[in-house]
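One structure is given here, and the rest of the page talks about it.
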Amino acid sequence: MKILMVCLGNICRSPLAEGIMRHLVNEQELNWEIASAGTGDWHVNQPADKRSIDVASSFGYDISKQRAKHFNKEMFEDFDHILVMDQNNLRDVLKLASNEIQREKVKLFLPDESEVTDPYFDDRLFEPVFLEIEERCKQLIEEFKQ
Ligand code: 4NP
């Protein structure tokens, strides 16, 4: 199973989702590949935002070695599931899809049309965003295992 987490900058939300998911998947000895990317390219090759690295570290996850990547069309072929953080990401990723098989791989990370709030402009959002992503990663593992 190959899962790609996508947000805008690939420095705040999707690196958290990547790092948490990989950690939990490894704990369960599942042989899944987890990655993340951003629909924007401003931060390519940069580490995650320090606030994401710090909140992850405070809960026992190391995301410090991850580097930002720009979402590209090849990723539709490379991954089984492409999970996006908000409606803008959904629109931007779907714009690049070339067929229905690719479009079907793309879903919101949260259930029920919910979006993961972009914490970039508000330091106080990093912990609640972390907790929401961690809880959803645990649910997704159970869903994908079935
Ligand atoms: P992310 O947050 O999409 O969760 O990584 C953002 C990071 C950077 C920017 C926007 C959102 N930015 O405009 O640089």
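The values are calculated or read from the model by the stated rules, or taken from the named source; none is laboratory data. Just so it is clear, the structure is predicted and the values come from calculations on it, not from any experiment. Glycine also receives a Cβ, built like all others from the backbone with ideal geometry; neighbour counts cover every protein chain displayed. Please note that ligands, DNA and RNA were not included when accessible areas were found on the heavy atoms of the full protein model with its side chains. Shrake-Rupley method; radii C 1.70, N 1.55, O 1.52, S 1.80 Å.
Tell me the Kirkwood radius of the stretch 93-144: reciprocal of the mean inverse pair distance over distinct alpha-carbon atoms, in Å.
Working: mean 1/r = 0.0771 Å⁻¹.
By the Kirkwood definition, the hydrodynamic radius is 13.0 Å.
When the chain is fully extended, how far beyond the present Cα-Cα distance does residue 54 get from residue 26, taking 0.36 nm per residue of separation?
Full extension from residue 54 to residue 26 adds 8.0 nm.
Show me the ranking of peptides 111-122, 94-105, 69-80, 10-21 by mean Cβ neighbours inside 10 Å, starting with the highest. The partial results should precede the final answer.
Details: 111-122: 13.8, 94-105: 12.0, 69-80: 15.3, 10-21: 28.4.
Ranked from most to least packed, the peptides come out as 10-21, 69-80, 111-122, 94-105.
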Handout entry: Under 14 Å from the residue 78 label point (7 Å along Cα→beta-carbon), backbone N, the stretch 8-38
Key = 33-38
Completion exercise
Counting only protein heavy atoms and rolling a 1.4 Å probe, one gets per residue an accessible area for the stretch 11-135 in Å² of 54 Å²
Problem - Helical contribution to [θ] at 222 nm, DSSP H n ≥ 4, -39,500 (n - 2.57), averaged over the chain, rounded to 500 - result: -13000 deg cm²/dmol
Practice task
Grab the chain and count how many Lys pairs have their alpha-carbon atoms under 20 Å apart, sequence gap of 8 or more, or different chains.
Solution key: 21
Completion exercise
Quick calc: nm separation of the 7 Å Cα→Cβ label points for residue 45 and residue 104 -> 3.8 nm
Fill in the blank from the handout: Expressed in nanometres to one decimal, the distance between label points 7 Å along Cα→Cβ at residue 65 and residue 135 is 3.1 nm
Practice task
List, largest first, the extents of the alpha carbons of the stretch 2-145 along their principal axes, each in whole Å.
Solution key: 41, 34, 29
